[in-house]
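Asker: Structure in structure tokens, see below.
The values are calculated or read from the model by the stated rules, or taken from the named source; none is laboratory data. Here the structure is a predicted model, which means the values were calculated and not measured. Don't worry about glycine lacking a Cβ; one is built from the backbone with ideal geometry, like all the others, and counts go over all protein chains shown.
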Amino acid sequence: MTGIEIKNVSKNYGNVQALSNINLTFESDKIYGLLGRNGAGKSTLLNIITSRIFADSGEVLIDGIPAKENDHALRKVYLMSEKNFYPGRMKIKEVFKWTRQFYPDFDEDYAYKLAERFELNTGKSVKSLSTGYNSIFKLIIALSVNTPYVLLDEPVLGLDANHRELFYKVLLEKYSQSPCTIVISTHLIEEVSNIIENIIIIKKGRIIKNETCESLLASGYSVAGTAAKVDAYIAGRNVLGVDNLGGLKQAYLLGKIDGELPEGIELGKLDLQKLFIQLTNQ
């Protein structure tokens, strides 16, 4: 079977249960959003997949091959994380050169093209990079390794709005030209909502949602209008949240529309971030 299979994986740190009996599959050539609050277990899961840490129980299979300490399987996966494992004195262009030793399909020419687009000076050393450019440097590596599975843990940390927009553009360009499985673990839910195809929400080490973005957003809707009309409509309904702007109001609700909407009420789509907050606060 192709894909990354996580089977009955659990992990504890002392008395803290980071992951509890996780069963999950990342299928080939899809973009996933791995969403959760701080400490939910997202990074732990990604680190277990790549054998940076080991599960207390369960196993991970990559294309049907056990991944634990298996170079053949792990070479198919690249994890970009907050930690930087490159020597601080090494220059970016030297990192590009050495990456090919570990990932034979690394496209050095493409990496240099991305460095130019992001205005990254490849003559600089790793330790001299700012927080934003350190993220850019690691993103360029992740986008150039050409592994079947790319895991991105908080990929836009420290990036300004222009660089974040460029990253999402480049990511979709790369995916359309050379599809692979991409897992994006992030807190910036609104920014990735138009990119991700499947959503996995993890809460306190357990998967609470695992479905397509389309089906998840179809589980509710939004209404907008004057505050008085919206308040009257949402009374007794399952409200996720509201936004107020002067005398106008927009409310986000779970459930299906029952009956016709009153005059003066406009129908809209559910907000992914509002849904996420509600699900992880419950």
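Asker: Look at THR50 and say whether it is within 26 Å of ASN194 (Cα to Cα) and out of contact with any Ser or Thr (no Cβ under 8 Å at 6 or more places or on another chain).
Answerer: On the way: within 26 Å of ASN194 (Cα to Cα): no; out of contact with any Ser or Thr (no Cβ under 8 Å at 6 or more places or on another chain): yes.
No.
Asker: Residues that are at pLDDT below 95 and β-branched (Val, Ile, Thr): list the helices (runs of 4 or more DSSP H) wholly contained in region 114-197 that include at least 1 such residues.
Answerer: 131-144, 189-192
Asker: What about ALA251, is it over 16 Å from LEU275 (Cα atoms) and either acidic (Asp, Glu) or surrounded by 12 or more Cβ atoms within 10 Å (Cβ to Cβ) (or both)?
Answerer: Values: over 16 Å from LEU275 (Cα atoms): no; either acidic (Asp, Glu) or surrounded by 12 or more Cβ atoms within 10 Å (Cβ to Cβ) (or both): yes.
The answer is no for ALA251.
Asker: Within region 206-217, work out how many residues are in contact (Cβ under 8 Å) with a residue 12 or more places away in the chain and surrounded by fewer than 19 Cβ atoms within 10 Å (Cβ to Cβ).
Answerer: The initial filter retains those residues of region 206-217 that are in contact (Cβ under 8 Å) with a residue 12 or more places away in the chain, namely 206-213, 216-217.
Subsequent filtering for residues that are surrounded by fewer than 19 Cβ atoms within 10 Å (Cβ to Cβ) retains 206, 208-212, 217.
Final tally of qualifying residues: 7.
Asker: Among the residues of region 194-209, count how many are of a type outside the set (Val, Ile, Thr) and over 16 Å from ARG37 (Cα atoms).
Answerer: 3
Asker: Can you give me the number of residues within region 173-196 that are surrounded by fewer than 14 Cβ atoms within 10 Å (Cβ to Cβ) and of a type outside the set (Gly, Ala, Ser)?
Answerer: The initial filter retains those residues of region 173-196 that are surrounded by fewer than 14 Cβ atoms within 10 Å (Cβ to Cβ), namely 173, 176-179, 190, 194.
Now narrow it down to the ones that are of a type outside the set (Gly, Ala, Ser): 173, 177, 179, 190, 194.
Within region 173-196, residues that are surrounded by fewer than 14 Cβ atoms within 10 Å (Cβ to Cβ) and of a type outside the set (Gly, Ala, Ser) number 5.
Asker: Looking at VAL77, VAL150, can you tell me which residue is in contact with a Cys (Cβ under 9 Å, 6 or more places away or on another chain), of a type in the set (A, V, I, L, M, F, W, C) and under 24 Å from THR2 (Cβ atoms)? Explain how you work it out, then say what you get.
Answerer: Values: VAL77 fails: in contact with a Cys (Cβ under 9 Å, 6 or more places away or on another chain).
Selected residue: VAL150, the only one of VAL77, VAL150 that is in contact with a Cys (Cβ under 9 Å, 6 or more places away or on another chain), of a type in the set (A, V, I, L, M, F, W, C) and under 24 Å from THR2 (Cβ atoms).
Asker: Continuing with the same structure: Can you find a residue in region 105-123 that is within 22 Å of SER193 (Cβ to Cβ) and either of a type in the set (Gly, Ala, Ser) or in the same structural domain as THR50 (by TED's automatic domain parsing) (or both)? Steps first, please.
Answerer: Looking only at region 105-123, we keep the residues that are within 22 Å of SER193 (Cβ to Cβ), and these are none.
Within region 105-123, none of the residues are within 22 Å of SER193 (Cβ to Cβ) and either of a type in the set (Gly, Ala, Ser) or in the same structural domain as THR50 (by TED's automatic domain parsing) (or both).
Asker: Looking at TYR78, TYR86, which one is buried (at least 18 other Cβ atoms within 10 Å of the Cβ), outside any helix (DSSP H, G or I), at pLDDT 95 or above and not hydrophobic (A, V, I, L, M, F, W, C)?
Answerer: On the way: TYR86 fails: at pLDDT 95 or above.
Unique residue meeting the criteria: TYR78.
Asker: Does PHE106 meet the test of being closer than 30 Å to ASN38 by Cα, at pLDDT 95 or above and either surrounded by fewer than 13 Cβ atoms within 10 Å (Cβ to Cβ) or not aliphatic (A, V, I, L, M) (or both)?
Answerer: Numbers: closer than 30 Å to ASN38 by Cα: no; at pLDDT 95 or above: yes; either surrounded by fewer than 13 Cβ atoms within 10 Å (Cβ to Cβ) or not aliphatic (A, V, I, L, M) (or both): yes.
No: the conditions fail for PHE106.
Residue by residue, here is whether (1) among the acidic types (Asp, Glu); (2) farther than 28 Å from SER130 by Cβ; (3) not assigned by TED's automatic domain parsing to the domain that holds PHE167 holds:
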| position | (1), (2), (3) |
| --- | --- |
| ASN47 | no, no, no |
| PHE54 | no, yes, no |
| VAL60 | no, yes, no |
| HIS72 | no, yes, no |
| LEU79 | no, no, no |
| GLU82 | yes, no, no |
| ARG89 | no, no, no |
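Asker: Next question, about the same structure. Before we move on, is ARG100 in a loop (DSSP other than H, G, I, E, B) and not aromatic (Phe, Trp, Tyr)?
Answerer: Details: in a loop (DSSP other than H, G, I, E, B): no; not aromatic (Phe, Trp, Tyr): yes.
No, not satisfied.
Asker: For GLU190, work out the one condition from (1) of a type in the set (Asp, Glu); (2) in contact (Cβ under 8 Å) with a residue 60 or more places away in the chain; (3) more than 23 Å from LEU171 (Cα to Cα) it doesn't fulfil.
Answerer: Failed condition: (3).
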